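First up is the structure itself, then whatever we jot down about it.
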């Protein structure tokens, strides 16, 4: 083995670090001649047919993970040297696709053989891996004057590829043979010829056959003693029994032309490699060192390759650390440092002065800064601030610091009421903002805590007294270590508390509660619970909030209850009073029968109930608590409900808002409504029409025009019924079959529908007249109008009107009685006009037709 070193290799190997071995697949591109000459024959078979069968057979042997691409030329245009296409980019699993494409090729063009190889090389270049181009061609280069020069230029440009060239049926073509051989030789490939299908198959198998290979293991070791300043390489028959090199190890294995064959991050690394000569590079990130050697791997050579690195004494950077000479226990203090080549994960820490190197207490990572913050220990004494390495815990710098007790006092009232908020003050210069005051039972262990308040740089705060009376201590404690620095005694006493409520209340009603409770906390509360319920249980409740009265909601079930005054902290009951909850004398009335979707009156008698209790209508037999349309009582004795959209048997119920208990009910039958619609059978698009209705159910019901088949409830526009019996609508813009629908607002149910046909905006409309009118005319022209019907009325007229004029207004008219045609002179102004056949006696339009006057 011959050691090698290349400039910049350390930077290169660092960039190739990866978590596992990178098994780089060889990239291969097949370049197939599809020029017009491929229609030539061998033994009566077209060469393109032979190529299709041979390529399909060869591709079937390729493994699924082989990176395979396809380039062809001359397949799209005649006489074009640019007719080159990279049809399939190199990728695994492309063999079947390439076989399909080859089978569909239709040769027709030139032979830009050299440019096709260049295109294949460029397609491979972005991978920056060694690659193979296999060219199959049957003729001389017809586009590039010097294939040899082009191949040399590719090699000189660093495009890492090998071109194998197979001349198919080129025997006797000296210039073609010379060109193909030159391309192969200049790129390090092979040149083969084939004169028939069997020889083409053999040639393709020869250039695609995998070279013989073996499995080799590469290991980076650490020498046990001195071996010099540089790593040494060894290839023993058995693996060496010496320590592995610690840290990350990166390998590069390339051929002697520095074409990368394998890369990987592992130690040891195992790789399957073809036999041959290689350059092996190993890089140690832990030691920031690398080595390179040239090695031959063969079937009879040892399979173990070792790179042995010398032990290197770690070089510690120079550093300094600075901290105050004195700090208060538990306080945060500033630390600064300086040094060269420090790692972001190196850190400063505070430890006892006699602690071993590597020990740490509170710490702060350097993170490319020059200052940070540490927390002083909770016990006074002599300490050191140290700057330590994260790797190996070596101490780079240290400075002494004395931790001293603070001058601390804490004050609180001698006596406080259970559960109350009371003030606490303290003096604690230099302490940490997260240190805190707390109240605990007298005699509790140091570090115990109850309700607490962080100091946060203040000198006063507030604590909450416990729920149980007794002797307690207010303590000032360190957040780190929970050491108690100061304490003061506090007696917690019961408050003088009473609570009052009515002896009897109605289910679900709101009732007043009063109390006397001096000194209690605003979040303490009154609540109503069943008599005998465990202390701490609660139902409806009202916070005291400094008041002396409030309001509770009675439960929905009658029975014996208690109103209790309870502490928010601990839920202790300080006072209680009995309350009986009784049913109310309640009735509800509604009509026996109502129409679907209609509004109907409901009345009730319900003394003492809550304003949010409500009446509702639900199907007969629905579960109690179900509701449909509803109306809050709000202190009234009557209201209004909306009937459901479906007919059937229902109940109007009076229900409690809290708990949904039903206190009264009345049966109601919901019946169908009798709604009808009337309007025209046919209309022109976007014209105004009038629709009338009868049997209106509710003013918020609405009428809409929709296409037949539109789901009920879907529409783009509508008109509310209100108090009218008819309305004007604009017909849809698109001709077709439509429906006019009457919808219930409540439930969108369709109660009536009428079909209407929408005709084109210029369509004639006939109601018996049988008008025949030309579609267009010139201004001032006289036209002939004919008709075949028109009724028996004595006053029938044919009128000329603007298209937007009212039905019984006109520009001119003539009597239609006793004749079946007449001449009408057109106006001088261009525009859209209408010929109408009018029955004046019956006020009916029996026919109409649009006529357009051009410029």
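Could you check the stretch 349-374 and list, in sequence order, the residues that are surrounded by 15 or more Cβ atoms within 10 Å (Cβ to Cβ), under 42 Å from the mean Cα position of the chain (by Cα) and assigned to a strand (DSSP E or B)?
363, 364, 372, 374
How many of the residues in the stretch 59-85 are without any contact (Cβ under 8 Å) to a residue 40 or more places away in the chain and part of a strand (DSSP E or B)?
Summing the residues that are without any contact (Cβ under 8 Å) to a residue 40 or more places away in the chain and part of a strand (DSSP E or B) in the stretch 59-85 gives 2.
State the number of residues belonging to the stretch 587-612 that are under 14 Å from residue 663 (Cβ atoms) and at pLDDT below 90.
Adding up the residues that qualify gives 7.
Considering only the stretch 523-534, state which residues are in a loop (DSSP other than H, G, I, E, B) and either surrounded by 14 or more Cβ atoms within 10 Å (Cβ to Cβ) or in contact (Cβ under 8 Å) with a residue 60 or more places away in the chain (or both).
523, 524, 533
Are there strands (runs of 3 or more DSSP E) fully within the stretch 540-588 with at least 2 residues that are surrounded by fewer than 18 Cβ atoms within 10 Å (Cβ to Cβ) and under 47 Å from the mean Cα position of the chain (by Cα)? List them.
So the answer is 541-543.
Only one of these is within 60 Å of the chain's Cα centre (by Cα) and more than 30 Å from residue 708 (Cα to Cα): 782, 776, 832, 841. Name it.
832
Can you name the residue in the stretch 181-207 that is in contact (Cβ under 8 Å) with a residue 40 or more places away in the chain and over 56 Å from the mean Cα position of the chain (by Cα) and, of all such residues, is surrounded by the fewest Cβ atoms within 10 Å (Cβ to Cβ)?
Applying the filter and picking the extreme gives 195.
Can you tell me which of 83, 115, 65 is crowded, with 18+ Cβ neighbours inside 10 Å and either under 43 Å from the mean Cα position of the chain (by Cα) or within 19 Å of residue 180 (Cα to Cα) (or both)?
It is 115.
Going by what's in this entry, would residue 290 be described as under 30 Å from residue 372 (Cβ atoms) and assigned to a strand (DSSP E or B)?
Against the criterion (under 30 Å from residue 372 (Cβ atoms) and assigned to a strand (DSSP E or B)), residue 290 does not qualify.
Would you pick out the residues in the stretch 431-479 that are in contact (Cβ under 8 Å) with a residue 60 or more places away in the chain and in a strand (DSSP E or B)?
464, 474, 475, 476
Any residue in the stretch 414-426 that is farther than 15 Å from residue 462 by Cβ, loosely packed, with under 14 Cβ neighbours inside 10 Å and within 48 Å of the chain's Cα centre (by Cα)?
Looking through the stretch 414-426, none of the residues is farther than 15 Å from residue 462 by Cβ, loosely packed, with under 14 Cβ neighbours inside 10 Å and within 48 Å of the chain's Cα centre (by Cα).
With the requirement that a residue be assigned to a loop (DSSP other than H, G, I, E, B) and either closer than 17 Å to residue 336 by Cα or modelled with pLDDT of 95 or more (or both), what does the stretch 375-386 give you?
Once the filter is applied, which keeps residues that are assigned to a loop (DSSP other than H, G, I, E, B) and either closer than 17 Å to residue 336 by Cα or modelled with pLDDT of 95 or more (or both), the stretch 375-386 yields only 376.
Being within 30 Å of residue 712 (Cβ to Cβ), surrounded by fewer than 16 Cβ atoms within 10 Å (Cβ to Cβ) and out of contact with any strand residue (DSSP E or B) (no Cβ under 6 Å at 6 or more places or on another chain) is true for just one of 760, 775. Which residue is that?
760
Any residue at all in the stretch 208-220 that is surrounded by 12 or more Cβ atoms within 10 Å (Cβ to Cβ) and on the phi > 0 side of the Ramachandran plot?
Among the residues of the stretch 208-220, not one is surrounded by 12 or more Cβ atoms within 10 Å (Cβ to Cβ) and on the phi > 0 side of the Ramachandran plot, which makes the answer no.
The values are calculated or read from the model by the stated rules, or taken from the named source; none is laboratory data. Note that the coordinates shown come from a computational prediction; the quantities given were computed from them, not determined experimentally. Ideal geometry is used to build each Cβ from the backbone, glycine not excepted, and the neighbour counts take in all protein chains shown.
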